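Notes for the one structure printed next.
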Amino acid sequence: MSRKFLTTLCLVAIVTMLLAGCVPAAPAAPAAPAAPAAPAAPAAPAAAQATNKVEFFSWWTAGGEADGLKAMLDLYKKTYPNVEVINAAVAGGAGTNAKAVLSTRLTGGDPPDAFQLHAGLEVEKYEPAKYLQPLDALYTSEGWDKIFPKDLISLLKYQDHFWGVPVNIHRANVMWYSQKVFSDNNLTAPTSWDEFFKVADALKAKGIVPLVIGTKEGWEAGHTFETILISKLGADGYKGLWTGTTPWTDPKVTDALETFKKVMTYANTDYSALTWSDAAQYLVDGKGGMHIMGDWTDGWFISKNYKDYGYAPVPGTQGIFDALSDSFASAKGAKDQVNLDNWLKLAGSKAGQEAFNPKKGSICARTDCDAKLFDAYLQSAMKDWQSNVIVPSVVHGAAAVEKWATVYKDILNTFATKGDVKATQDALQQACKDNNVCK
Ligand code: GAL
């Protein structure tokens, strides 16, 4: 539940050892109707406009992700028609390519005006004190400290400053399935791994790929595995992996690896050549049964006009919401500051978030968006975000510093193919030690 995100944040802070002591705060209020209604439209343009351009950087290039971004950019263009909008997106799920390009641009003194940044410890990668603009003044002037959930606010604060404006909340632990395939075979969505393997056997017997996955970009195995870790360790056990209170040597981690290894025996054989959306296409084509992926898949299905999908928490993760949030940040010395500020205001506004999220396949970071604008899946995510236990995604920047998350992803990507449980568990434990969280 939102209120647990605070705990999450503590954990997040501890992970880096950068925050010397995250004081457990009172449970955050559920994301119920938010405080003062924020302006429905972005603020008026600021007085002096230095340039007539503004450049946006993200990894949203296709499907619902591109559609959502376009909707927000269109709103910007409509509000500020004299400003040239440059969409400098770099393709690659989870920022596979974009993050490296962004680092080079930041350190090379050629930053885009606004860029995508996950809420949480990912910001550490970009040396915020050196390269990024603190956005505290905007938080105050726009009333964001009251309109974003308290636990999200805590996640966004790093070294006592806000560095990004959150545009959404995504859920990572969703199992998508083909309703037609399931009903044709009298199956229901599995709620445990035992049920999962029974369903998988039934599908395999019919020549349908039970579990579709694509690992081409190197992060998807880690994504799938973090949801299995959550199912085996529970919310607190999983969070403890990133803070040092759960040892990576725990037999439940072994169990999670054994489970993932078995899951992969039910996967499409071409997984290493496919991206997450290529894999999702198996469902659209009626050739695959289930797919574990974040809820940007909902936006992608919408963009494909595919409606025959069902959704459920990944088996064993009922009542837990594996969360991440995309924000927009900006660099010191941005070239188009006035236009940039107007963008950040729009990105944090109700109008901006209502334009973006229904297409993107995410829920608003704000607490006052109109639920009627969202489809059935997203409405269910809104409810779960308020009632579930929240845990931070590691693959999507919330739970650990980027260098640890990267090593974790690489280890799991190798595991998906090689399946060496002992070597993998040892490597995961070593990565924790290398990041000074485990002894
Ligand atoms: C995540 C990001 C999402 C979505 C996804 C797949 O890291 O937060 O917004 O883009 O990657 O690319």
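The values are calculated or read from the model by the stated rules, or taken from the named source; none is laboratory data. No experiment lies behind these values; they were computed from the predicted model shown. Cβ placement follows ideal geometry from the backbone for every residue including glycine, while neighbour counts extend to all protein chains displayed.
Conditions: (1) more than 16 Å from the ligand (Cβ to nearest atom); (2) touching a residue at least 40 places away in the same chain (Cβ under 8 Å). Asp184 meets all but one. Number of the miss?
Among (1) more than 16 Å from the ligand (Cβ to nearest atom); (2) touching a residue at least 40 places away in the same chain (Cβ under 8 Å), the lone unmet condition for Asp184 is (2).
Applying the selection to region 76-129, what residues are farther than 25 Å from Glu354 by Cα, surrounded by 19 or more Cβ atoms within 10 Å (Cβ to Cβ), over 16 Å from the mean Cα position of the chain (by Cα) and of a type in the set (A, V, I, L, M)?
Of everything in region 76-129, those that are farther than 25 Å from Glu354 by Cα, surrounded by 19 or more Cβ atoms within 10 Å (Cβ to Cβ), over 16 Å from the mean Cα position of the chain (by Cα) and of a type in the set (A, V, I, L, M) turn out to be Leu102, Leu106.
For region 263-277, enumerate the residues that are crowded, with 18+ Cβ neighbours inside 10 Å and either within 16 Å of the ligand (Cβ to nearest atom) or not hydroxyl-bearing (Ser, Thr, Tyr) (or both).
So the first thing to find is which residues in region 263-277 are crowded, with 18+ Cβ neighbours inside 10 Å, and the list is 263-264, 266-268, 271, 274-277.
Selection gives Val263, Met264, Ala267, Asn268, Leu274, Thr275, Trp276, Ser277.
For region 278-296, name all the residues that are more than 14 Å from the ligand (Cβ to nearest atom) and surrounded by fewer than 22 Cβ atoms within 10 Å (Cβ to Cβ).
Of everything in region 278-296, those that are more than 14 Å from the ligand (Cβ to nearest atom) and surrounded by fewer than 22 Cβ atoms within 10 Å (Cβ to Cβ) turn out to be Gln281, Val284, Asp285, Gly286, Lys287.
Within region 245-265, is even one residue in contact (Cβ under 8 Å) with a residue 12 or more places away in the chain, in the same structural domain as Leu428 (by TED's automatic domain parsing), among the polar types (S, T, N, Q) and within 26 Å of Gly95 (Cβ to Cβ)?
The answer is no, given that none of the residues of region 245-265 is in contact (Cβ under 8 Å) with a residue 12 or more places away in the chain, in the same structural domain as Leu428 (by TED's automatic domain parsing), among the polar types (S, T, N, Q) and within 26 Å of Gly95 (Cβ to Cβ).
Scan region 238-273 residue by residue and report those that are of a type outside the set (S, T, N, Q) and within 20 Å of the chain's Cα centre (by Cα).
Passing the criteria: Tyr238, Lys239, Gly240, Leu241, Trp242.
Could you list, in sequence order, the residues of region 200-252 that are within 16 Å of the ligand (Cβ to nearest atom), more than 17 Å from Gln425 (Cβ to Cβ) and not β-branched (Val, Ile, Thr)?
Those that are within 16 Å of the ligand (Cβ to nearest atom), more than 17 Å from Gln425 (Cβ to Cβ) and not β-branched (Val, Ile, Thr): Gly214, Lys216, Glu217, Gly218, Trp219, Glu220, His223.
In region 329-381, what count of residues is obtained for those that are of a type in the set (A, V, I, L, M, F, W, C) and under 21 Å from Tyr306 (Cβ atoms)?
Qualifying residue count for the region: 7.
Which condition from (1) within 16 Å of the ligand (Cβ to nearest atom); (2) closer than 22 Å to Val389 by Cβ is the one that Trp300 breaks?
Just one mismatch for Trp300, condition (2).
Scan region 303-329 and report the pairs whose first residue is closer than 26 Å to Gln116 by Cβ and whose second residue is charged (D, E, K, R) and away from the ligand (no atom under 16 Å from the Cβ), with Cβ atoms within less than 7 Å and a gap of 6+ or a chain change.
Phe321/Asp384
Quick one: in region 303-333, which of the residues that are more than 22 Å from His223 (Cα to Cα) and away from the ligand (no atom under 16 Å from the Cβ) is surrounded by the most Cβ atoms within 10 Å (Cβ to Cβ)?
Per the criteria, the residue is Ser330.
Check off (1) over 30 Å from Asp420 (Cβ atoms); (2) out of contact with any Phe, Trp or Tyr (no Cβ under 9 Å at 6 or more places or on another chain) for Tyr311 and give me the number that stays unchecked.
Checking Tyr311 against (1) over 30 Å from Asp420 (Cβ atoms); (2) out of contact with any Phe, Trp or Tyr (no Cβ under 9 Å at 6 or more places or on another chain), the one that fails is (2).
Could you check region 335-439 for helices (runs of 4 or more DSSP H) lying wholly inside it with 3 or more residues that are within 20 Å of Thr297 (Cα to Cα), more than 16 Å from the ligand (Cβ to nearest atom) and more than 16 Å from the chain's Cα centre (by Cα)? Steps first, answer last, please.
On the way: elements: 337-348, 350-360, 376-387, 402-418, 421-434.
In region 335-439, 376-387 are the helices (runs of 4 or more DSSP H) which contain 3 or more residues that are within 20 Å of Thr297 (Cα to Cα), more than 16 Å from the ligand (Cβ to nearest atom) and more than 16 Å from the chain's Cα centre (by Cα).
Would you please name the residue that is farthest from Gly95 (Cα to Cα), looking only at residues in region 48-80 that are part of a loop (DSSP other than H, G, I, E, B) and more than 16 Å from the ligand (Cβ to nearest atom)? Before you say what the answer is, go through the steps one by one.
Here is the first cut: in region 48-80, the residues part of a loop (DSSP other than H, G, I, E, B) are 48-52, 58-62, 80.
Filter again for more than 16 Å from the ligand (Cβ to nearest atom), leaving 48-52, 80.
On the way: Ala48: 34, Gln49: 31, Ala50: 30, Thr51: 28, Asn52: 28, Tyr80: 28 Å.
Selected residue: Ala48.
A quick yes/no check of all residues on (1) within 30 Å of Gly244 (Cα to Cα); (2) buried (at least 18 other Cβ atoms within 10 Å of the Cβ):
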site	(1), (2)
Ala365	yes, yes
Asp370	no, no
Ala376	no, no
Lys383	no, no
Val391	yes, yes
His396	yes, yes
Asn413	yes, yes
Asp426	yes, no
Ala431	yes, yes
